[in-house]
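Only one structure is covered here, and it is reproduced in the block below.
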Amino acid sequence: MPPTSSSPPPAPRSLLPFLQAMTYADSAYPSGRYTLSHGLEGLVQAHRVQGADEVSSALADHLRYTAAPGDGVATAAAATAGPGRIAVLIDLDHELSATKVTHELRRASTRVGRQMLQVTTEVERRLGGELPEPLLSYAAAVAAKETPGNQAVVAGLVHRAHGLTPRDAVATELTGLAVGWAGAALRLRQCDHIDAQVVITAAHPVIAGLAVQCVQVASDLVPGTGPEPVPCPGSGHVYANSPGRRGWRFLGRASPGSDLASAAHETAPARLFMS
């Protein structure tokens, strides 16, 4: 057996994005996602979801009609936007907030996003690095309260900075959601540990297909190249010549049942999760 050196050889660069994806999809990553049930607790409280089979079915619906059309497309769009696209990213961030109907959904998204941004910044600082563009400018905009800092936008930028493709960035985030959903089901006593893994594994084909679809939609929202758009006077963060501006109508969710459950969950006398 050949002798081992005191320090391991550097990892192949092609493997680093995969390792980063595993880090961010881990439920132990300190972004605060463990405080979220992604709407499941509200559905359980309303007696609309009971038992492992319904948890799995509800997750598939949530991925298709809520997470992917909103956060998934936003993650892909952010991961597609290149340097110099900060204005488009701010526009995207505000548009995404507008699709989240209840206060708890908006608060949960920005709380996790800002925490993820803070952790990423601190990790880079301790390793002697700094955030690349456009993540650096976006972080400054979040700190200045010029943009909300939604999780999906932050995640897209962070994953892009670590070399993930937009498709893989979306898949990573949707997988993290599935893991969180199953974990919440376990804590809500809707399944056991094996059921939770069944729920996650059953969602994998759905996630794989949705990741591709999100990138296709995002390509109509935020092109990765082109000049910085010019803001319309008096219109806030709406940009007249943004190539993807007409596509904002494709960003959003169609889940009135989940939104109603979320509204009831906000004022529930007792709850385990923030959302």
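Between Ser14 and Glu133, the simple label model (points 7 Å from Cα in the Cβ direction) yields a spacing of 3.1 nm. In terms of its C-alpha gyration tensor, the stretch 49-172 has a prolate overall shape, because the principal axis ratio a/c (a ≥ b ≥ c, square roots of the eigenvalues) is not below 1.5 and a/b outweighs b/c.
Less than 13 Å Cβ to Cβ from Cys191, Lys/Arg counted +1 and Asp/Glu -1: what total charge do the surrounding residues give? Mind dumping the intermediate values first?
Details: positive: Arg187, Arg189; negative: Asp53, Glu54, Asp192, Asp195.
Taking every other residue near Cys191 into account, the sum is -2.
With Cα atoms defining each centre, the stretch 40-69 and the stretch 111-171 are spaced 28 Å apart in the structure.
Using a 10 Å cut-off on Cβ atoms, rank the peptides 163-169, 142-148, 46-52 from the highest mean neighbour count down. Could you put the intermediate results ahead of the total?
On the way: 163-169: 20.4, 142-148: 16.1, 46-52: 14.1.
Averaged packing, sorted descending, gives the order 163-169, 142-148, 46-52.
Using the Cβ-Cβ distance between Ser57 and Val119 with R0 = 35 Å, the FRET efficiency computed as 1/(1 + (r/R0)^6) comes to roughly 0.60.
Quick check: convex hull of the Cα atoms in the stretch 32-82, volume per residue, rounded to a whole Å³?
Value for the stretch 32-82: 85 Å³ per residue.
When Asp53, Asp91, Asp195, Asp26 are compared by accessible surface with a 1.4 Å probe, the order from highest to lowest is Asp53, Asp26, Asp195, Asp91. Estimated from the Cβ-Cβ distance and a Förster radius of 35 angstrom, the FRET efficiency linking Arg249 and His193 is about 0.25. Extension gain, Ala46 to Arg126: 0.36 nm times the residue separation minus the Cα-Cα distance gives 24.3 nm.
The values are calculated or read from the model by the stated rules, or taken from the named source; none is laboratory data. Computed from a predicted model, the values in this text were never measured in an experiment. Positions of Cβ are backbone-derived with ideal geometry, glycine not excepted, and every protein chain shown enters the neighbour counts. Keep in mind that these areas ignore ligands, DNA and RNA; they rest on the heavy atoms of the full protein, side chains included. Shrake-Rupley method; radii C 1.70, N 1.55, O 1.52, S 1.80 Å.
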